[in-house]
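Input: a single structure, listed below in structure tokens.
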Amino acid sequence: MNGFTRGRLLCIAVLCSTLIGCSSKPGQATVSGTVTLDAQPLKTGIIRFVPVDGQTPTADATILDGKFAAKVPPGEKRVEIMAPKVVGTKKLYETPDSPAVDIVEELLPARYNLQSTLTITVVKGEQTKDFPLESAN
């Protein structure tokens, strides 16, 4: 086999493997629903869908008045829900003309975000999932 033929075969092999890899990429799904805290819609927050296998990107969506909609790659996901709340302000610098910045704390218990055990199996297409959260242990 001469160098020209070997080069053509190598190009064909690379092209085929690239096409096969592209055709097996998962499609996007739309997950929508509500998030409530103690039976009341969560005013604002962020919902994050983290892939359990680490093979797809993480997807985030804003929660507004308890509702969210996110484009999420299919698969098993761990769900993290965060709702920061402003508890005060402080000066950015120790000078009289320093701008003030908000002091923020997490409203939700860690079991819904940093230590979340919430999960969902995302499938292609559209699906609805509601998350009724409770502030008490």
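The values are calculated or read from the model by the stated rules, or taken from the named source; none is laboratory data. Quick caveat: nothing in here was measured; it's all calculated off a predicted structure. When we count neighbours, we look across all protein chains shown, and the Cβ atoms used for this are built from the backbone with ideal geometry, even at glycine. Areas reflect the complete protein model, heavy atoms only, side chains present, ligands, DNA and RNA absent. Shrake-Rupley method; radii C 1.70, N 1.55, O 1.52, S 1.80 Å.
Values for this structure:
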| read-out | value |
| --- | --- |
| In the range 41-102, the GluC sites (Glu not before Pro) that fall in loop regions by DSSP, at most 13 other Cβ within 10 Å | E94 |
| In the range 46-137, the chymotrypsin sites (Phe, Trp or Tyr not before Pro) that fall in loop regions by DSSP, at most 15 other Cβ within 10 Å | Y93 |
| Accessible area expressed per residue, the range 57-125, with surrounding protein chains retained (probe 1.4 Å, Å²) | 63 |
| Qualifying trypsin sites (Lys or Arg not before Pro) in the range 81-137, DSSP loop, other Cβ atoms within 10 Å at most 12 | K124 |
| Gyration tensor (alpha-carbon) shape descriptor, the range 42-129, a/c threshold 1.5 | prolate |
| Nearest-20 debye value, the range 26-118 charge dipole, Cβ charges on Lys, Arg, Asp, Glu | 200 |
| Most positive-pole-ward Cα, V79, V50, Y93, against dipole of the range 50-99 from beta carbon charges | V79 |
